[in-house]
Amino acid sequence: MADNKIDFSYESILQQASKQKKGVFSLSKTYPAYIILLVTILASIAAWYLMDQKVRSDGQQAFDKAVTSVMTRLNYKFQDDKKVHTSMNNLYFEHIEVNRDIFELNASIPIRAYPSILTIAYAPYVENSWYDDFVYYVRSEGYYDFQLRPDGVRPFYMPIEYIVPLEKNMHRHGTDYATDSIAWNAIIKARDSNMTVATEVYTIRQPDTSGFYLISPVYYKDSLANDVESRRKNYLGALLLEIDSPVFFKMALGSGVASDTSITFRVIDLKGSGDENIVYESENIDEEKQGSIPLFMNEKVLKVADRNMLVRFASIPDFGGSFQQSLPYVILAISLLISFAFFGFVLSVITRKARAVELAERMTRSQRRIVESSKDIISVLDMQGNWKSMNPASETIFELDPAQMIGDNIDKLFIDDDDRKKFASVMTGNGEEQTIRQVYLMKSVSGENKWIDWSFTYSAEDELIYCIGRDVTLEKLAEEEAKLRRKQNQLADQFTREASAFKSYFMIKLSHQLRNSLTGIVGYLQLLSAKIWDSEEEHDLFVSEAEKSSEELFTFVSDIDDVASASDEEESAELSLVKMKNIISESQNLLGNKFEKQEIERQVDVQLMDEGGDPGAVADKARLTETFSEIYYALSEGKDKSMIQVTAQENPYEGATEIQIFEEGNELVEGVIEVYKKNINSLIDGLKEDKKDILLRLSKASSNIRMMNGTIKVETFGGNEGNLVMITLPLNKAKD
């Protein structure tokens, strides 16, 4: 009898499960597969319909993206030109009197930098009664050939007094804008509304120069301009920016992007009469077919100061290609093939699941009690990752009944694709029995994250994987909390060093200024004391006492300077003039060293967009190099290869160097940048939402820039449009 004893052990049952032959199909058991076949056929038809709708939707999205790209470049170009106008307008708030030298000095650089700007001019309001005095003043400034254009006697004039560049616009000098009805109406509107206005696009120079003016009013300094009456009373003149319309649009659009070829567009200036004046057309406008209706059309408004221009877009013929049109039918054919394949798969799963349940029922009661009472998962997988058996622990951990899991694949429980790849290495094996320990992040039915510590025993002989999984979610959460605290401490320490550096800089600067002032006082008092006075002795006594007090205060301030200079030496920035090419080269090398040290296989190509010369900035060379490498590190996260473009330009007007670091973008960095902007005033708390330390690196980089008296701004354009870090650093070292 002993020889005929049947083995009901857990191991033997599972081994038999992999060796049993397929059972005979029973309609009573397999009818769900036929129902699924019917459902999948209906789903295939639905997929065809949805794909047809998706093709249309994708076309609309591609069209909208191309439209947005054009509008963004047009808006950026106008804002650049408007900055020049605003900068010149600010002169009349910063100086008591703007003369020829001041005007030409401030206008000469931007006029060379912006080819779309024909001239920057100032035209005062001159009444006929004091016109002769005005001409005398203009000629006294060196405009010896000044003439009113057109000549004649009128109640008032608006002649050009200053114009840059003068050498190319001598024929425009003295032009009376009061005789130009379009310009004059805009000047009146700007004066009465106290705002920058734009004229319509018209022939501003005969015979064929088309353009428009940006006009802002100038009032007497410190005068009231609260209402229309006071604005007219205190009106001094107008500042005019003359913009060449065709050059403006060509520079705004540049050489174009790929999406520009899929659309045509016209820029239309609406006149007061309601007539449409087409001021610009896309280069591919000839592709429009006569009488054809574009698949997609749209209209956008281009805001130019107070004026709205209409941009009318249309898709080109054959937008999206012929393949897109046939794609829904291709999907239908593929879906039908998949439906029949899935039908066969479900049929196989149903039979395997039934066999697994039947075999599990043959386990002994004692063995069932051990498996079913365990809080750990005790289960078996086949070599494809499908569950062959499962104990009741799945109800507690994954909120799934064991019977629901039989036949399903373990892939459904993974959250991260990297974990799926790690598990795939377990299933490949090396032909020998081995045990592998791995921790995976998984999900329950309700969506709750679960950290499971798995022990996989791979058996090539049985063609099974024996699994034991323990829920270590609480331990993992504690570990993640500890990691978050460490990151918060790092950032808090960085902010502390930033505050300390600011204190030192403030103390040094304050003490230097006070000491310089007191040095002058002491010197003058010493000269005063040495002079022979004929007055009373009491006067000499007062002078002597003042000298003594000043010397004591000088000693005290010197002590403050010594203490401030000696404190926080570690955090004080060694500011000096550094060159951007050198910084970019060294920061890229530093980034490569970091990747090599951390064994990270990532390629980051950093390119300086050379606009001529080698821009400089006042900064701590070592700190700036480290900061750039941290920014590269953060922007390249989530990608094996990244292209980073760095643009650096000196802005002598602002006394600063403007740096832009641009990366093509990815969704991971985009999401963290949104977290950064949302938590800009509470970055330490925002670290809870950080991913791959991107927020930590950006926050530390921002702190370092501020420690070097700079500013930093981080932006994302969404999707794969790119992510941008904008930095401003001093161009000249601050004087003590």
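The values are calculated or read from the model by the stated rules, or taken from the named source; none is laboratory data. Please read all numbers here as calculations on a predicted model, not as lab measurements. No Cβ is skipped: glycine too gets one built from the backbone with ideal geometry, and neighbour counts run over all protein chains shown. For the accessible areas, the whole protein counts, side chains as well, though only heavy atoms, and no ligand, DNA or RNA atoms are used. Shrake-Rupley method; radii C 1.70, N 1.55, O 1.52, S 1.80 Å.
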Next on the checklist: What does the extension gain come out to for Ser108 and Asp318, with contour length at 0.36 nm per residue minus their alpha carbon separation?
Outcome noted: 70.8 nm
Item to check | Residues Asp416 and Glu395, FRET efficiency given R0 of 30 Å [Cβ-Cβ distance, rounded to 0.05] | outcome: 0.80
Item to check | Simple label model, 7 Å out from Cα along Cβ direction - Lys594 to Asn90, nm | outcome: 3.4
Checklist entry - Roughly speaking, what is the stretch gain from Leu236 to Val153, that is 0.36 nm per residue apart minus the C-alpha to C-alpha distance, in nm to one decimal? => result 27.8 nm
Checklist entry - Nearest 0.05, what FRET efficiency do Leu668 and Asp192 give at R0 = 35 Å with Cβ-Cβ as r? => result 0.10
Item to check | Length added when fully stretched, Lys83-Leu295, from 0.36 nm per residue minus Cα-Cα | outcome: 72.5 nm
Item to check | Total lysine pairs under 29 Å (Cα atoms) in region 34-170, excluding pairs fewer than 8 apart on one chain | outcome: 7
Item to check | For region 574-701: relative contact order, % (alpha-carbon pairs under 8 angstrom, 6 or more apart) | outcome: 26
Item to check | 1.4 Å probe accessible area per residue over region 87-220, in Å² | outcome: 48
Item to check | Subset of Lys412/Lys597; Lys421/Lys597; Lys579/Lys692; Lys581/Lys713 violating a 26 Å alpha-carbon distance limit | outcome: Lys412/Lys597; Lys579/Lys692
